[in-house]
Amino acid sequence: MALSKDQILSAVDRPTRTVNVPEWGGDVVVRSISAKERADYTNSLMELDSKGEYRYKPGDLNSKLLARCLADEDGNRLFSDDEIDALGQKSAAVLDRLFKVAEEMNGLGDKAVDDAKGNSDAAQSGDSSSD
């Protein structure tokens, strides 16, 4: 039997993972993000240049994702977009560890970065009509 719209929308499909961060003296909750949040994240990695073309701009890649993924025990974001810079002041080693967890939980990684740059394998593997 096919799922109804209500069943799909009410399904709990965004897991969390508790990660110990000894440098901070305890555990943090890393949550998976929604498709909308993921699109907002990948869009935040792009900027419009003076030629009107979008360019990849990773900048604070780790803290941008972690601001969206670090959560309280109810799954609510701990950090707003306005606090990305403050989060980015924390230990690079800690943020890198947490970023790897968030990246894995949210299906991000090298392919997602390539997609954001417009260099996905699908775009590159298309047949060319020129010789």
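Read the figures in this text as sums done on the coordinates, not as results from a lab. Being a predicted model, the structure only gives us computed values, none of them experimental. Quick reminder, even Gly has a Cβ in these numbers, built from the backbone with ideal geometry, and neighbours come from all protein chains shown.
Rounded to two decimals, the Cα radius of gyration of the stretch 33-117 over 2.2 N^0.38 Å is 1.10.
Full extension of the segment from Asp40 to Arg77, taken as 0.36 nm per residue of separation minus the current Cα-Cα distance, would add 11.9 nm. Projecting the Cα atoms of Cys69, Gln89, Gly52 onto the charge dipole of the stretch 33-117, computed from C-beta unit charges around the Cα centre, puts Gly52 farthest toward the positive end.
Can you give the FRET efficiency for Arg17 and Leu48, using 1/(1 + (r/R0)^6), R0 = 30 Å, r = Cβ-Cβ distance, to the nearest 0.05? The computed FRET efficiency comes out at 0.30.
Rounded to the nearest whole Hz, the Karplus-based 3J(HN,Hα) values (6.51 cos²θ - 1.76 cosθ + 1.60, θ = phi - 60°) of the stretch 56-65 follow the sequence 5, 9, x, x, 8, 3, 5, 5, 5, 6, with x at glycine and proline.
FRET efficiency for the pair Lys57 and Met1, taken as 1/(1 + (r/R0)^6) with r the Cβ-Cβ distance and R0 = 30 Å, rounds to 0.05. Largest first, the extents of the alpha carbon coordinates of the stretch 19-60 on the three principal axes equal 47, 23, 7 Å.
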